[in-house]
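No value in this document is a laboratory result; all are computed from the given coordinates. Values in this document were obtained by computation on a predicted structure and should not be read as measured data. Positions of Cβ are generated from backbone atoms using ideal geometry, with glycine treated the same way; all protein chains shown enter the neighbour counts.
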Amino acid sequence: MIKRIKIVVIGFGSIGRALAKVIALKRKTINNKYGILIDVVGVVDSKGMALKADGFDEYELLKLCEVPRSGVNLFKPYAYQGVDLDVLYNSTQPDVHIELTPSEYSSGEPGISNIIYAINRGVHVVTANKAPLVLKYREIMSSALSKGVEIRFRATVLGGTPFIDTLMSLRSHDIERIEGILNATSNFILTEMHEKLVDFNEALRMAQALGVAEANPTLDVDGVDAAAKMVIISNILEKPLKIEEIYRESISRVTLRDIIDAVRQGYIIKSITFFDVRGGKASIKIVKIPKSDLFAQINGIMNGVRIRSDATEIVFIGRGGGGIETAHSILDDVISIALHYS
Ligand code: HSE
């Protein structure tokens, strides 16, 4: 028996478009493999919505990706001017809400309100927006529990890899320390500076062109994004940190001279996030590490995390971002929800 899963996508930037493309390419295969037919019934950006209650077909999903930024309200005949979640939900009756609005760490909006809205409507949530979890993790999880809906967020940390799932599965471990390269943009910038000897600003422009940087890239270079990821990790470990408690050093202060001096001495400069789980303290530091160190081999948009527990040490290396990789994480979360509830 085929199970239809209707999804609405809130936020249609690079990740939203990558998701639409991946669904267009894979929905038939997913249907054949799992008996689940994923229908995108609504797409929302800052100015409007495109709605189709019986789901956009593959061609329409690919055409949607061609609309200009903030232009889904031009996608005729499915266009709707303005954003109204009541209209979206009442006309499409979604099963899963995909929250892809940008992470905004002062208010957490519009992500927090959108997620709470979905939960109150009894709709499962998959989010790549980190801010709601950073600011309201407990509140969101307890509301979801009371409404019997799932919140999945694999895309928020090491976005292109199943890191969150692995961390959650270490139920018998007493995790003592987590450290790693958690921000793809910063790691890419530092790698470019080492390998091509370009300065910080030029490397930042290259990172933005790749589409991996946040809408506001100071969140990446100043360590806010990495701190946000560590806050999410800390909540999973039930040792919750607040983002403002995490000491941060910005890579914008790293000069080419620093890099050349470090390399001459046999070191590489990296931005590493440390979490002493037992001590309840985390920090993001610009450090010089030996070229032979494992983290020195993790370059470009790759991320790496070392988990130390009372039982073992695990190193996790994978894509930290990228539209297609992150879209697969989101889609995997949707499929998990669909399998769980079918
Ligand atoms: N801007 C983020 C990064 C994207 O560079 O790591 C993935 O979370």
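Can you compute the charge dipole magnitude of the chain about its Cα centre, using +1 on each Lys and Arg Cβ and -1 on each Asp and Glu Cβ, nothing else charged? Give it in debye, rounded to the nearest 20. Each step should come with its number before you reach the end.
Working: 41 positive and 40 negative charges, 84 e Å.
In total the dipole reaches around 400 debye.
Could you work out Rg/(2.2 N^0.38 Å) for the chain, with Rg from alpha carbons only? Walk me through the intermediate numbers first.
Details: Rg = 20.3 Å, N = 342, 2.2 N^0.38 = 20.2 Å.
That works out to 1.01 for the chain.
Candidate cross-link partners of residue 28 among the lysines, defined by an alpha-carbon separation under 21 Å and a same-chain spacing of 8 or more, comprise 3, 6, 52, 63. Among the trypsin sites (Lys or Arg not before Pro) in the stretch 1-104, those located in a DSSP loop and surrounded by at most 16 other Cβ atoms within 10 Å of their own Cβ are 47, 69.
The stretch 142-191 and the stretch 1-19 have Cα centres lying 21 Å from one another. The order of 342, 336, going from fewest to most other C-beta atoms within 10 Å of their C-beta, is 342, 336.
By the rule of a C-alpha distance below 19 Å, with chain neighbours fewer than 8 residues away ignored, the lysines paired with residue 130 are 229, 239, 242. The ranking of 269, 7 by Cβ neighbour count inside 10 Å, starting from the fewest, reads 269, 7.
Shape annotation for the stretch 165-319: C-alpha extents along the principal axes are 45, 34, 24 Å, from largest to smallest.
Report, to two decimal places, the Cα Rg of the stretch 71-131 normalised by 2.2 N^0.38 Å (N = number of residues).
Values: Rg = 12.4 Å, N = 61, 2.2 N^0.38 = 10.5 Å.
Ratio of Cα Rg to 2.2 N^0.38 Å: 1.18.
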